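Visitor: Would you mind keeping the following structure in view while I ask a few things?
The values are calculated or read from the model by the stated rules, or taken from the named source; none is laboratory data. What you see is a predicted model; the values in this text were computed from it and never measured. Cβ placement follows ideal geometry from the backbone for every residue including glycine, while neighbour counts extend to all protein chains displayed. The accessibility values were calculated without ligands, DNA or RNA, using every heavy atom of the protein model including side chains. Shrake-Rupley method; radii C 1.70, N 1.55, O 1.52, S 1.80 Å.
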Amino acid sequence: MFAIDLEKKVNFDCVKAALETRGFYVYCCASSKELCNALTACYQSRTIGVGGSLTVLSSGAAQALEKQNVLFWHWQVPADCSSEKKQAVLRSAATAEVYVSSVNALAETGEIINIDGIGNRISSLAYGHEEVCLIIGRNKLCKDLQQALYRAQNIAAPKNAQRLGLQTPCAMAGNHCWNCNSPERICNGLLILQRPLGGRTYRVFLVDEDLGA
């Protein structure tokens with residue numbers, strides 16, 4: 001089994017340079033408060049879709065964005081609403097001008113990793129929006145692509161499965177991916193962003209805080 005160095009500190013300057021070389025716009029934020037100020041400056045009077053993201057929730061990004069934009073986020077749909085309502089919000093998020101999400105891992109060399117269960121996040125990160133906004137806490141940073149893939153599969157996915165209360169091997173054991181065939185499996189699709197797709201603008205906000213799974 002591949003062993004990841006979870007204590008390794010990744011230099012934001014190196015990550016920023018690698019991402020910018022690949023064509024991403026990068027913003028380094030010292031805190032969630034600084035992140036929210038940067039988002040407010042970047043996005044005004046836009047329609048914004050949001051993927052399922054603890055990072056967006058815990059950083060206050062959603063609250064900052066909805067003050068001067070129209071936000072579509074299925075996590076904000078009340079639990080007692082119909083499935084049709086939730087699907088309508090997902091469709092609106094998929095056609096918004098801007099899509100906001102976090103990531104499961106980011107390699108110091110610039111590769112951006114996301115694993116998805118139903119496909120709404122990875123499809124929107126790849127296509128359909130004028131602009132993509134990625135919010136990434138320091139805990140998502142890894143030395144290289146190999147470690148980033150390991151983190152996404154063996155750290156982020158099990159934590160998310162546990163949070164959702166799923167009966168998958170990784171959720172019950174909580175330690176690594178079992179490459180299972182469970183009907184509740186949430187790692188059904190994998191997206192590696194090497195560079196911006198289709199000439200769209202991708203803005204990456206690096207936050208010097210631990211955010212999300």
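Visitor: Any residue at all in the range 123-144 that's over 13 Å from the mean Cα position of the chain (by Cα), surrounded by fewer than 16 Cβ atoms within 10 Å (Cβ to Cβ) and within 28 Å of CYS14 (Cβ to Cβ)?
Guide: For the range 123-144, residues over 13 Å from the mean Cα position of the chain (by Cα), surrounded by fewer than 16 Cβ atoms within 10 Å (Cβ to Cβ) and within 28 Å of CYS14 (Cβ to Cβ): present.
Visitor: Restricting to the range 101-122, name every residue that is more than 20 Å from VAL15 (Cα to Cα) and of a type in the set (A, V, I, L, M).
Guide: Those that are more than 20 Å from VAL15 (Cα to Cα) and of a type in the set (A, V, I, L, M): ILE115, ILE118, ILE122.
Visitor: Taking the conditions exactly as written (open to solvent by 60 Å² or more (accessible area, probe 1.4 Å) and more than 18 Å from the chain's Cα centre (by Cα)), does ALA88 satisfy them or not?
Guide: no
Visitor: Hey, another quick one. Quick one: which of LEU141, LEU134, LEU90, LEU106 is touching a Lys or Arg at 6+ places or on another chain (Cβ under 6 Å) and closer than 29 Å to LYS33 by Cα?
Guide: Answer to the selection: LEU106.
Visitor: Please find, within the range 9-18, the residue that is nearest to GLN162 (Cα to Cα) out of those that are out of contact with any Asp or Glu (no Cβ under 6 Å at 6 or more places or on another chain) and part of a loop (DSSP other than H, G, I, E, B).
Guide: Per the stated criteria, the residue is LYS9.
Visitor: Hey, does the range 31-53 have a residue that's among the hydrophobic types (A, V, I, L, M, F, W, C) and either modelled with pLDDT under 95 or closer than 18 Å to GLN147 by Cβ (or both)?
Guide: No, the range 31-53 contains no residue that is among the hydrophobic types (A, V, I, L, M, F, W, C) and either modelled with pLDDT under 95 or closer than 18 Å to GLN147 by Cβ (or both).
Visitor: If you take just the strands (runs of 3 or more DSSP E) that sit entirely in the range 19-77, which of them hold at least 2 residues that are surrounded by fewer than 17 Cβ atoms within 10 Å (Cβ to Cβ) and not acidic (Asp, Glu)?
Guide: Numbers: elements: 25-29, 47-50, 70-73.
Answer list for the range 19-77: 25-29.
Visitor: Hey, another quick one. Please list, ordered by first then second residue, the pairs with beta carbon atoms under 7 Å, 6 or more apart or interchain, first in the range 49-74 and more than 18 Å from LEU211 (Cβ to Cβ), second open to solvent by 60 Å² or more (accessible area, probe 1.4 Å) and in a helix (DSSP H, G or I).
Guide: HIS74/LYS86
Visitor: Also, I was wondering about something else. What's the number of the only condition in (1) touching a Gly at 6+ places or on another chain (Cβ under 7 Å); (2) under 18 Å from ILE48 (Cβ atoms); (3) surrounded by fewer than 21 Cβ atoms within 10 Å (Cβ to Cβ) that SER102 fails to meet?
Guide: Among (1) touching a Gly at 6+ places or on another chain (Cβ under 7 Å); (2) under 18 Å from ILE48 (Cβ atoms); (3) surrounded by fewer than 21 Cβ atoms within 10 Å (Cβ to Cβ), SER102 violates only (3).
Visitor: Would you check which residues across the range 148-170 are over 30 Å from VAL15 (Cβ atoms), touching a residue at least 12 places away in the same chain (Cβ under 8 Å) and either under 21 Å from the mean Cα position of the chain (by Cα) or buried (at least 21 other Cβ atoms within 10 Å of the Cβ) (or both) and list them?
Guide: LEU166, THR168
Visitor: Next question, about the same structure. Where the second residue is open to solvent by 70 Å² or more (accessible area, probe 1.4 Å) and the first is under 22 Å from ARG163 (Cα atoms) and lies in the range 175-199, which pairs have Cβ atoms under 6 Å and are six or more apart or on separate chains?
Guide: What qualifies is CYS177/GLN153; GLU184/GLN167.
Visitor: Can you run down the residue pairs with Cβ atoms below 6 Å, 6 or more apart or on separate chains, where the first is in the range 118-136 and of a type in the set (Gly, Ala, Ser) and the partner is open to solvent by 10 Å² or more (accessible area, probe 1.4 Å)?
Guide: These pairs meet every condition: GLY119/GLY189; SER124/ALA94; ALA126/LEU197.
Visitor: Exactly one of these conditions fails for VAL204: (1) surrounded by fewer than 21 Cβ atoms within 10 Å (Cβ to Cβ); (2) at pLDDT 95 or above. Give me its number.
Guide: Here VAL204 clears every test but (1).
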